[in-house]
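Values in this text are rule-based calculations from the coordinates and carry no lab data. Just so we're clear, the structure is a prediction, and the values are computed from it rather than from any experiment. Counting neighbours? That spans all protein chains shown, and the Cβs are built from the backbone with ideal geometry, glycine included.
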Amino acid sequence: MRQKFNKVQSTCIPIAIDNCNTDLIIPARYLASTTRDPKFFGDAFMHDLRYDADGQAIHDFIMNQKDFSEAPRQGVHEIIVAGQNWGSGSSREHAAWAIAGYGVRAVISSSFADIHRNNLLNCFILPVVVSPSFQQELFQSIAEDPQTQVLIDLPSQTVTNIATGHSEHFPINGYKKYCLMNGLDDIDFLLKNIDNLPA
Amino acid sequence: MSTFRQQEPRGRTLFDKIWDAHVVQNVEDGPTQLYIDRLYLHEVTSPQAFDTLRDKGLKVLRPKQIFAMPDHNTPSTASEPLPVGVRQMEALKRNCKEFGISHFDMGTKDNGIIHVVGPEKGLSLPGMTIVCGDSHTSTHGAVGAVAMGIGTSEVAQVLASQCILQQKPKTMRINIEGELCKGVTAKDVALYIMAKMTTGGATGYAVEYAGSAIRNMSMEGRLTLSNLSIEMGSRAGLIAPDDITFAYLKGREYAPKGEAWDKAVEAWRQLRSDDDAVFDKEVTFNAQDIAPRITYGTNPGEGMAVDECIPDKRGQADEADFLAQLQYMQFTPGQRLLGTPVDYVFLGACTNGRIEDFRAFASVVKGRKKAPNVVAWLVPGSWVVRQQIIDEGIDEILEEAGFELRLPSCSACLAMNPDKVPAGKLCVSTSNRNFVGRQGPGARTILASPLTVAATAVTGVITDPREML
């Protein structure tokens with residue numbers, strides 16, 4: 001959960017769903033857990049798109065297709081390329097736990113919902129905002145070659161499509177970048193800064 | 001030393017005023033450390049936050065500013081909660097006891113949905129910063145507060161430090177000018193705005209609602225409107241407090257009393273956007289353009305007037321998404337939904353679980369009968385609301401019309417308790433989300449106002465409430 005983030009180079013899972021809400025990322029019935037067990041949440045990731053009511057894999061869904069079904073490991077499927085407005089709706093951080101539990105380390109999209117973006121950062125998953133044209137180029141490259149690699153370099157804040165060599169700069173504030181690169185969370189920072197609170 | 005001509009001070013927005021008053025520090029090249037007046041907790045998004053405190057050996061910094069209550073898992077009948085729900089509710093009770101936090105237990109008179117109970121008890125007051133691990137925390141902004149949904153890591157931060165780190169959002173003002181038409185409620189206004197703004201159209205913004213239609217809106221209506229702010233991606237939704245706000249809050253259990261009340265009101269009257277305040281974005285709609293609304297797709301922005309036909313977006317850029325939504329809903333482009341048979345209706349949730357919503361529902365079903373093909377779930381948002389329904393005799397009107405009043409709960413809004421809409425069934429609902437599977441795996445949801453839900457409940461088909469007023 002608190003893995004330091006520097007560079008990630010990996011193949012990607014393309015989830016080209018616009019406005020993919022956190023109810024889709026993790027259905028409400030999986031919110032009943034009182035722990036953060038990564039396996040439990042990883043298994044619940046995109047559950048109702050991956051499995052039908054009988055628990056059978058839905059073959060049409062991208063994560064069940066042979067090029068994208070392998071669970072993430074170093075260099076493989078550690079990055080999601082997502083449709084716009086990723087993570088809208090419910091504030092459930094369980095969605096970020098599901099993404100982390102599945103083994104994903106970064107999500108690339110043209111836009112993120114505000115609460116979910118904060119949740120990703122607090123779980124040491126990097127939300128990478130790119131232009132809609134770069135996002136489409138990534139979808140295109142992955143469609144042409146599922147082995148397409150993408151490099152995310154946090155220190156230089158660049159994301160590179162290895163297939164085309166195209167790069168983009170992505171935004172992140174200096175504070176959060178430092179936290180991610182050093183595995184520090186906000187609670188540690190806040191506790192050092194509570195001497196001057198209002199009465 | 002100031003030889004430069006000072007810049008004219010720019011007017012500030014309501015949001016700026018409340019935000020600025022709570023800034024502890026602006027972190028260099030980072031977010032703002034914001035002081036939080038009120039934290040609400042429920043059973044679903046708090047257990048892991050308490051674990052964080054225990055793991056780090058921390059205590060709760062200001063437990064008196066925190067209030068907890070179970071709502072998502074509570075059943076709306078006398079039946080037992082689901083076992084997984086019991087585990088979460090027990091955890092909340094245990095954690096509150098361990099850390100000295102007020103806890104309104106299931107089945108007690110103080111319990112209900114947080115976003116109904118907070119304003120109702122006077123715990124949410126003008127000028128406050130309010131957070132909760134729940135996206136519909138935006139509701140509380142209706143009293144003139146900055147209220148935001150947060151994640152569980154942030155819940156832990158507030159427990160430990162009474163602060164969060166947030167990037168200051170941009171500001172937007174949405175004006176609704178003019179008088180609302182007969183049969184048009186705050187819910188319809190919200191659904192109209194969502195359709196115009198789209199589901200992600202206010203991402204990155206805090207939205208202030210203003211204009212004559214808002215000034216004339218009841219407190220319950222304002223709470224409904226603010227509730228739905230998150231459905232266009234807005235970080236917060238708020239309304240300047242006025243005499244309607246003060247009349248609603250006066251005498252509430254936790255509101256200031258006596259001289260303290262008078263002083264508070266005097267201060268709260270300053271909580272308005274300055275006349276020369278500049279918003280990053282400003283949008284104005286005409287109240288007369290708004291009809292009773294229904295949704296047809298699988299996000300709250302995909303809606304239309306109840307008597308319109310579903311648009312045909314084939315050939316447009318978002319064709320694939322549009323067709324996927326209609327396929328799930330089992331609708332076709334161009335279809336008129338009036339007259340479509342429904343299976344379930346749901347009145348309740350933090351969106352429409354207040355007394356005014358039950359009065360509206362009762363005004364339509366009075367002297368009529370529930371359609372036999374419809375299963376109706378009528379779920380008050382709190383025990384206070386439920387008592388008020390009984391005190392006003394609304395329960396008798398409902399009973400005569402063939403409806404049963406249930407017990408306070410989030411109920412069928414999110415399929416975490418026994419109230420789940422079965423796969424394939426169509427539910428016309430006053431809740432806030434028509435997402436795929438939201439009311440149960442495979443359930444199909446149409447969002448509407450209490451009036452439209454009531455009209456539909458008695459006819460058994462999607463009905464324009466204006467025909468029944």
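Some values worked out for this structure:
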| read-out | value |
| --- | --- |
| Set of the stretch B:149-166 residues, backbone N closer than 20 Å to the point 7 Å along the Cα-Cβ line of B:TYR254 | B:149-152, B:154-164 |
| Cut-off under 5 Å, modelled amide H: who pairs with B:GLY237 long-range | B:GLY141, B:ALA147, B:VAL207 |
| Around B:VAL365: net Lys/Arg minus Asp/Glu count, Cβ-Cβ under 11 Å | +2 |
| Highest-first arrangement of A:9-16, B:62-69, B:261-268, where packing means the average Cβ count within 10 Å | A:9-16, B:62-69, B:261-268 |
| Reachable aspartates and glutamates, given that their alpha-carbon falls under 17 Å from the alpha-carbon of B:LYS56 and they are not under 8 places away in the same chain | A:ASP185, A:ASP186, A:ASP188, B:GLU98, B:GLU154 |
| Hypothetical label at B:THR77: residues of the stretch B:429-456 whose amide nitrogen lies under 18 Å (7 Å Cα-Cβ projection) | B:440 |
| Rounded to 10°, Cα long-axis angle of helix B:450-459 versus longest principal axis of chain B | 10 degrees |
| Antiparallel bridge percentage (DSSP; both residues within the protein assembly as shown; nearest 5) | 35 percent |
| Residues with amide H under 5 Å from that of B:ALA376, placed H, sequence gap 5 or more | B:VAL345 |
| Other protein chain Cβ atoms within 10 Å, averaged over every residue that makes up A:108-120 | 5 |
| DSSP beta bridges in chain B [antiparallel fraction, %, rounded to 5] | 25 percent |
| Pairwise FRET efficiency - B:LYS93 versus B:SER212, Cβ, R0 = 51 Å, nearest 0.05 | 0.65 |
| Number of partner chain Cβ atoms within 10 Å, mean per residue of B:85-93 | 1 |
| Cβ-derived FRET efficiency at R0 25 Å, B:VAL375 paired with B:ALA247, nearest 0.05 | 0.10 |
| FRET E, pair B:ILE390, A:TYR178, Förster distance 56 Å, beta-carbon r, rounded to 0.05 | 0.50 |
| Neighbourhood net charge (10 Å Cβ-Cβ; Lys/Arg +1, Asp/Glu -1) for B:PHE15 | +3 |
| Projected label distance in nm at B:VAL84 and A:SER133, using a 7 Å step from Cα toward the beta-carbon | 4.5 nm |
| Tilt relative to chain B, helix B:319-329 - C-alpha long axis, 0 to 90 degrees, to 10 | 60 degrees |
| Cα-based helix-to-principal-axis angle, B:355-365 vs chain B, degrees rounded to 10 | 10 degrees |
| Relative packing of B:411-423, B:175-187, B:302-314, which averages over residues the other C-beta atoms within 10 Å, highest first | B:411-423, B:175-187, B:302-314 |
| Number of partner chain Cβ atoms within 10 Å, mean per residue of A:172-181 | 3 |
| Partners for B:LYS366 among aspartates and glutamates (Cα-Cα distance below 19 Å; same-chain residues under 8 apart left out) | B:GLU356, B:ASP357, B:ASP391, B:GLU392, B:ASP395, B:GLU396, B:GLU399, B:GLU400, B:GLU404, B:ASP464, B:GLU467 |
| Point-to-point label distance, A:ALA71-B:LYS59, nm (Cα→Cβ direction, 7 Å offset) | 4.2 nm |
| The stretch B:14-283: antiparallel DSSP beta bridges as a percent of all, rounded to 5 | 25 percent |
| Rg over Rh, two decimals, the protein assembly as shown (C-alpha only, Kirkwood Rh) | 0.95 |
